[in-house]
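Student: Take a look at this one; I'll ask things after.
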Amino acid sequence: MSTGNGNLLEVRDLRTYFHTEDGTVKAVDGVTFNLRRGETLGIVGESGSGKSVTNLSIIRLIQSPPGQIVSGEVVFDGRDILRLREDEVRRIRGRRIAMIFQDPMTSLNPFMKISRQLMEMTRLHLGYSKAQAYAHAVKMLEIVGIPDARERVDGYPHEFSGGMRQRVMIAMALSCEPELLIADEPATALDVTIQAQILELIKTLKQETGTSVILITHDLGVVAGMTDHLIVMYAGKIFEQAPTRELFAVPGNPYTNGLLRSIPDPTSARGTLYQISGLPPDVAHLPPGCPFAPRCDRAEEICSKEFPPLVEVNQDHHSLCHFALEVYAKSVAENSAVERRARQD
Amino acid sequence: MLRFIIRRLIITIPTILVVITITWGLIRLAPGNFYTGDKALPEAIEQNIREKYGLDRPWHEQYLRTMGQILRLDFGTSLRYEGKSVNEIIARSLPVSATVGILAYLLALIVGITVGSIAALKQNSKWDYASMTLAMLGISIPNFVLGPILVLFFSLTLYWLPPSRWDGFPSKSVILPVITLSAIYMAYIARLTRAGMLEVLRSDYIRTARSKGLSETQVVIRHALRGGLLPVVSYTGPALAFLLTGTVVVESLFVLPGLGKYFIQASLNRDEPLILGIVAFISMTLLTMNLLVDIAYGYLDPRIRQ
């Protein structure tokens, strides 16, 4: 089963473009990363940064036309998904790689009973009989914490609250015990209190089942406590990638710096909230050079002319920036100052 | 559900009375009378007729008498087809209209939904463009143009089908009227299906269905069709009512002894009881169909069942 190096998923130089009337949108442009078995990987970025498209590309759910996976490899358990036949991919979807989407209000079929939607998974992939699949559906609803699962399994989605629907989505995604769970902003559309519950649930179930998780979000606060590795995406490219702890402590990219400074800090004396100036770029018409340059406070002349290199600033820590090493060194210095102060207190 | 149906049926009665009142008023407002012809009648004879049919009474008396009859479902006798009751005429002509209507309805549904679904699934392909061009033509060409063209081609050139005759069902004589009648409905249903399916196919829950590993056929049949066809359902109810009760143009074109033909004859003849009878019947059918659509909606969409 194992590929030998412990990686469940290896994405190499993935490029997904959308051919629109407005030109070619390079939604994902040369993304490379690995996911180790049992690990949780966080992908953060603003809307339009390509994080969702990356993950839809992994299970080949890009609508074509207008979308097209132009190049790259998605090696899942030793096999390149992008080179499989359609029916082989279908046997992976839902069975070995399952997805949870952002909006639980619209992600379930409103015309179908919850039971049927859940049973569909195990009947399709595990060959369960109706009775087996039904029993399994009830069991899954109990696992994700739906009260009165036995009665509610025959309800329709509109009879469930947003949080409960997301629990149903999770139950559905996990019903075939997938090796990889991709959660695309699973808590964004929910109330704050429910958000925490849903994330906690994913965390617990992950620990119990040992599945690997890719967690997509635009909220750095969410990924902090949940992920082992982090990827920061911007304009279809990976800007920084590092172990979560390292990325928070010593970021090596001005964009990551900006994101980290944007997290609201309730203990801060200042009342104002930091924000990165400007808007994300139009990925159909990217300027030459670094796509973040117009918004970057570290930018120099070279940034708007030459595309930045991907620099390895530390082991397992990469940053896409002309000044990656400087930014990293500054972070390290600041961090050790903070740590010294903490020790003195 | 039962309470909903009963409530709707009760609302139906005033609706039909309003429709009949307006029709009655329009007949009275139009100049002339059923007995007026090219030659003026002698005064005495006209007086006789007016007395016989109660036309000399004040208008509100006439109105109340007519309404009283209709509430008892007695539409009286035709003024032109002497001795024939309105109910008899409807009973005899309805089967002809309904036969052609149901066949046209089925044809429109089958072809429309199939073509519309294919167009949606192969959006922006040559299939899509070809079928939508045909649908556009179907909607734009009026049936009084399409009918004669079909007759010219299939009857008068190829001698395959009779141009205008009614031999009952099944017979060759139904083919041309059914096609002529269903063309516009077929085109409309194809467009509605395409639009509905396209919207559903882009929705989040279809993405979920695909991410489960279902095949495209399973996704479409199990998950997309039901939501995609809802707009078609709300259209086909009233459409069926109009198809069943006959269409004036197609029945005149092919000389079918259906309800539509009698309706236009009655209007030309100023045959008040027959006009009111047919109008009442058509509105009842229409309201029933709307009610059936609402009930069907409840079954198709669990969100509005309650």
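Every number in this text was worked out from the coordinates using simple rules, so none of it is lab data. Note that the structure is predicted; figures quoted are calculated from it, not measured. Virtual Cβ from ideal backbone geometry, glycine too; neighbours counted across all protein chains shown.
Student: When we measure straight from the Cα of B:Lys212, which lysines land under 17 angstrom away, once same-chain ones fewer than 8 places off are left out?
Tutor: The qualifying lysines are A:Lys113.
Student: Put a dot 7 Å past each Cα toward the Cβ at A:Asp228 and A:Arg261; how far apart are the dots in nm?
Tutor: For A:Arg261 paired with A:Asp228, the spin-label model returns 3.3 nm.
Student: Follow-up. Jot down the per residue volume, in cubic angstrom and as a whole number, of the convex hull over the alpha-carbon atoms of the protein assembly as shown.
Tutor: Cα convex hull per residue, to the nearest whole number: 248 Å³.
Student: Mind checking the mean number of beta-carbon atoms from other chains within 10 Å of the Cβ atoms in A:108-119? Walk me through the numbers before you get to the answer.
Tutor: Numbers: counts 4, 12, 7, 12, 7, 1, 0, 0, 1, 6, 0, 0.
Partner Cβ neighbours, averaged per residue: 4.
Student: Would you list the membrane-span-like helices of chain A, meaning whole DSSP H runs whose alpha-carbon atoms span at least 15 Å along their axis and whose mean Kyte-Doolittle value is at least 0.5?
Tutor: Helices passing the filter in chain A: A:162-174.
Student: Would you tell me the mean number of C-beta atoms belonging to other protein chains that fall within 10 Å of each C-beta in A:95-101, as a whole number?
Tutor: Taking the mean over all residues of the peptide, I get 3.
Student: Across segment B:269-285, in residue order, what do the Karplus-derived ³J(HN,Hα) couplings come to in whole Hz, using 6.51 cos²θ - 1.76 cosθ + 1.60 with θ = phi - 60° and x for Gly and Pro?
Tutor: 7, 6, 7, 3, x, 5, 4, 4, x, 5, 4, 4, 5, 5, 5, 4, 4
Student: Where the centroid of each part is defined by its Cα atoms, how far is segment A:35-52 from segment B:203-254 in Å?
Tutor: 39 Å
Student: Using modelled backbone amide H atoms (1.01 Å from N, in-plane), which distant-in-sequence or interchain residues come within less than 5 Å of A:Gly50's amide H?
Tutor: Result for A:Gly50 returns A:Gly236.
Student: Where the centroid of each part is defined by its Cα atoms, how far is segment B:125-192 from segment A:78-113 in Å?
Tutor: Spelled out, the Cα-based centre of one part sits 44 Å from the other.
Student: Moving on to the next point. Can you tell me which of A:149-156, A:34-41 comes out highest on packing, and rank the rest after it, using the mean Cβ neighbours within 10 Å?
Tutor: A:34-41, A:149-156
Student: Structure shown: which of A:Lys26/A:Lys203; A:Lys237/A:Lys330; B:Lys126/B:Lys172; A:Lys139/A:Lys203; A:Lys51/A:Lys206 lie over 26 Å apart, alpha-carbon to alpha-carbon? If you can, show how the numbers build up before the last one.
Tutor: Details: A:Lys26/A:Lys203 33 Å; A:Lys237/A:Lys330 24 Å; B:Lys126/B:Lys172 34 Å; A:Lys139/A:Lys203 19 Å; A:Lys51/A:Lys206 21 Å.
Those over the limit are A:Lys26/A:Lys203; B:Lys126/B:Lys172.
Student: So which lysines can B:Lys84 reach, going by Cα to Cα under 24 Å and dropping same-chain residues fewer than 8 places off?
Tutor: Qualifying lysines at Cα under 24 Å: B:Lys52, B:Lys261.
Student: Something else: Would you grab the residues whose amide H sits under 5 Å from the one on A:Phe307? Only those 5+ places off in sequence or on another chain, please, with H modelled 1.01 Å from N.
Tutor: HN-HN under 5 Å from A:Phe307: A:Gly289.
Student: What list of ³J(HN,Hα) values in whole Hz, one per residue of segment B:116-122 in order, does the Karplus curve 6.51 cos²θ - 1.76 cosθ + 1.60 (θ = phi - 60°) give from phi, with Gly and Pro shown as x?
Tutor: x, 5, 4, 4, 5, 5, 10
Student: Return the average number of partner chain Cβ atoms within 10 angstrom of each residue Cβ along peptide B:222-234.
Tutor: Average per residue, whole number: 2.
Student: In nm, to one decimal, how far is the modelled label at A:Lys139 from the one at A:Thr188, with both set 7 Å along Cα→Cβ?
Tutor: Taking the two extended label points, one gets 3.4 nm.
Student: What residues qualify as long-range amide H neighbours of A:Ser71, i.e. H under 5 Å apart, gap of 5 or more or another chain, H built at 1.01 Å from N?
Tutor: A:Arg15
Student: Between A:Ala131 and B:Asn269, what's the calculated FRET efficiency when r is the beta-carbon distance and R0 is 51 Å? Round to 0.05.
Tutor: 0.15
Student: Report the label-to-label distance for B:Thr15 and A:Arg341 in nanometres (one decimal), using points 7 Å from each Cα along the Cα→Cβ vector.
Tutor: Inter-label distance under the simple model: 7.4 nm.
Student: Same structure again: Using the Cα gyration tensor of segment A:119-213, with a ≥ b ≥ c the square roots of its eigenvalues, what is the shape: rounded (a/c below 1.5), prolate (a/b larger than b/c) or oblate (neither)?
Tutor: Oblate shape, in that a/c is at least 1.5 and b/c is the bigger or equal ratio.
Student: How do A:Thr20, B:Thr285, A:Thr54 line up, fewest other C-beta atoms within 10 Å first?
Tutor: Numbers: A:Thr20 12, B:Thr285 18, A:Thr54 27.
In increasing order of surrounding Cβ atoms, one gets A:Thr20, B:Thr285, A:Thr54.
Student: Something else now. Beta carbons within 10 angstrom, averaged per residue: use that to sort the peptides B:183-194, B:2-13, highest first.
Tutor: Listed from highest to lowest mean packing, they are B:183-194, B:2-13.
Student: Please work out the Cα center distance from segment B:45-80 to segment B:9-32, rounded to the nearest Å.
Tutor: The two parts, judged by their Cα centres, are 15 Å apart.
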